[in-house]
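The values are calculated or read from the model by the stated rules, or taken from the named source; none is laboratory data. Because the structure is a prediction, the values reported are computed rather than measured. Here the Cβ positions follow ideal geometry from the backbone for every residue, glycine too, while neighbour counts run over all protein chains shown. What goes into the accessible areas is simple: the full protein's heavy atoms, side chains included, and nothing from ligands, DNA or RNA. Shrake-Rupley method; radii C 1.70, N 1.55, O 1.52, S 1.80 Å.
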Amino acid sequence: MSEREEGTDSKTGLPQDAAGQILRLQDYETCRPDRVLREMRDYWDGIRRGRAIPARSDVDPRGIARTLDYAFILERIAPGAGRLRLAGRHLIDLMGMEVRGMPICAFLNTTSRGRFSDVLESVFKAPQIARLTLHGKADYARPALSAQMLLLPLRSDLGDVTRALGCLVAEGDTGIAPRRFDLIDDEVMPIIEGGKTVTPSPSTIGFAEGSAEFARRPGRRAPPTVTTAPPPETPEERRAMFRVIQTAPETE
């Protein structure tokens with residue numbers, strides 16, 4: 001029986017239905033955080049088209065096919081807080097559940113969430129780019145993990161910077177989910193080369209102004225000072241405090 005009759009190609013020795021398929025080795029390359037973060041940053045730069053910050057509507061999943069498993073899109077819901085609108089398979093594997101709608105800080109241990117919140121708010125407020133170095137501690141059935149996160153600001157349909165394109169890449173065996181990380185280091189970068197950055201710092205909560213600020217305003221009266229007399233100490237002083245009140249006699 002000839003090779004063609006057996007369903008193989010005589011030139012390649014492969015099955016005829018697979019002879020025309022091309023396998024790219026880069027599609028099966030071992031995960032490297034630096035490569036994923038670089039490709040995500042290059043894609044973000046590409047969709048800017050001369051603008052400082054691209055729009056959320058410019059993001060096309062087909063443009064980040066190789067990094068899609070590690071990608072996510074955030075929505076700012078409060079100062080220093082972001083909710084996952086879309087997330088790749090890698091993030092789902094780390095948490096062991098669907099993560100859409102969850103706060104991004106769920107990936108951080110509680111001791112690191114304060115600093116992470118400050119960095120995240122600076123991305124929206126400045127706006128600027130942030131790169132974070134994370135570490136997952138080793139535990140029972142949970143090997144140690146090192147991870148990198150990149151946050152890139154986006155404009156919403158209204159034009160305000162309340163969205164972010166990002167990626168999270170963890171190296172190593174995930175182990176038992178969920179996996180959470182400590183924030184080891186963070187770096188902020190300007191969106192335009194040579195620009196200034198805003199140092200992440202805790203945001204002021206509330207709208208009330210300090211009392212000293214009111215006191216310094218011109219034309220504002222100081223509150224009246226209320227003084228009280230000391231209480232009587234001797235019996236004579238206490239008797240002096242009494243007053244006799246006489247009522248008028250009733251008339252018929």
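Table for the structure above
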item	result
Criterion: more than 12 Å from the chain's Cα centre (by Cα) and either closer than 30 Å to residue 173 by Cα or at pLDDT below 95 (or both) - qualifying residue of 58, 93	93
Evaluation of residue 169 against (1) within 13 Å of residue 81 (Cα to Cα); (2) part of a strand (DSSP E or B); (3) of a type in the set (A, V, I, L, M, F, W, C) (one fails), failing number	(1)
Residue pairs meeting the criteria (Cβ under 7 Å; at least 6 apart or on separate chains; first open to solvent by 60 Å² or more (accessible area, probe 1.4 Å), in region 75-104; second part of a helix (DSSP H, G or I))	76/124; 79/121; 89/69; 98/92
Those residues of region 123-165 which are open to solvent by 10 Å² or more (accessible area, probe 1.4 Å), assigned to a helix (DSSP H, G or I) and not charged (D, E, K, R), in sequence order	124
Unique residue being at pLDDT below 95 and either crowded, with 17+ Cβ neighbours inside 10 Å or over 21 Å from the mean Cα position of the chain (by Cα) (or both) when the list is 211, 201	211
Residue in region 65-87 that is more than 20 Å from residue 37 (Cα to Cα) and assigned to a helix (DSSP H, G or I) present	no
